[in-house]
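Notes follow the structure.
The values are calculated or read from the model by the stated rules, or taken from the named source; none is laboratory data. Predicted model, so just to flag it, every value in this text is computed and none were measured. Neighbour counts are summed over all protein chains in view; Cβ atoms, including those assigned to glycine, are modelled from backbone coordinates with ideal geometry.
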Amino acid sequence: MTESNFKLRMMIITALFAAIIGILAQVTIPLPLVPITGQTLAIGLAATILGAKYGTLSVVVYLGLGAVGIPVFAQMSGGLGSLFGPTGGYLVGFIPTAFSIGYYLEKTSFTFINAIIANVIGMFMVLTVGTAWLKIFANLSWTGALMGGFVPFILVGLIKAVLAAWIGISVRHRLKSAGLLYLEDKKAL
């Protein structure tokens, strides 16, 4: 595969995962402060399948689309107000989360157990960043922020982490077998 074909393929795959994140963001269970969405599942999938660089890039593309006003965030919202409002920390936290999941898997191995570990770490990372941001921007106490933005999401987050690991590793192996996804070193995943 030529360098230009490889870059084009990875740009298309990155854009596809940005779209998947936007679609799963619309799967929402409303809660008082912060809704439960499919975004974190999609972030875990992107990072588990694509690794650190392209998984993170798909998140950056997704956030960029939302920042310019395209309604890709939860509940069909978008714009800078979403990024800099009380729940913006969860969105911003997606960047280090995707990177850490992909990085962990690249440094260990892309196995189901490692993917669970990486996605659980990522889940706690996004909840921590989001809760700290929520505390500051909503002017809440630490107890209020933890009870509204962290505790209600632990069980659901663990379930989504296991799903992202299971689906992500399965899809990654299928793409590897089909030769449809390549890393920068041009080796099939």
Whichever residue in the stretch 72-82 is among the aliphatic types (A, V, I, L, M) and surrounded by fewer than 17 Cβ atoms within 10 Å (Cβ to Cβ) and, among such residues, is farthest from the chain's Cα centre (by Cα): L80
Filter result (surrounded by fewer than 22 Cβ atoms within 10 Å (Cβ to Cβ), at pLDDT 90 or above and among the aliphatic types (A, V, I, L, M)) within the stretch 19-56: A19, I20, I23, L24, V27, A52
Qualifying position, being part of a helix (DSSP H, G or I) and either surrounded by fewer than 18 Cβ atoms within 10 Å (Cβ to Cβ) or at pLDDT 95 or above (or both), among F94, F110: F94
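Output the residues belonging to the stretch 151-178 that are buried (at least 20 other Cβ atoms within 10 Å of the Cβ) and under 18 Å from T97 (Cα atoms). Lay out the reasoning, then the answer.
Here is the first cut: in the stretch 151-178, the residues buried (at least 20 other Cβ atoms within 10 Å of the Cβ) are 153, 157, 160-161, 164-165, 168-169, 172.
Hits for the stretch 151-178 are F153, G157, K160, A161, A164, A165, G168, I169.
Which one of these is surrounded by fewer than 15 Cβ atoms within 10 Å (Cβ to Cβ), at positive phi and either modelled with pLDDT of 95 or more or touching a Lys or Arg at 6+ places or on another chain (Cβ under 6 Å) (or both): G69, G64? Walk me through it before giving the result.
Values: G64 fails: at positive phi.
Step by step, each of G69, G64 is checked, and only G69 is surrounded by fewer than 15 Cβ atoms within 10 Å (Cβ to Cβ), at positive phi and either modelled with pLDDT of 95 or more or touching a Lys or Arg at 6+ places or on another chain (Cβ under 6 Å) (or both).
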Options L105, L134; residue that is under 17 Å from the mean Cα position of the chain (by Cα), within 21 Å of L41 (Cβ to Cβ) and either outside any loop (DSSP other than H, G, I, E, B) or not aliphatic (A, V, I, L, M) (or both): L105
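Within the group G122, G144, which residue is crowded, with 24+ Cβ neighbours inside 10 Å, in a helix (DSSP H, G or I) and not polar (S, T, N, Q)?
On the way: G144 fails: crowded, with 24+ Cβ neighbours inside 10 Å.
Only one candidate passes the filter, namely G122.
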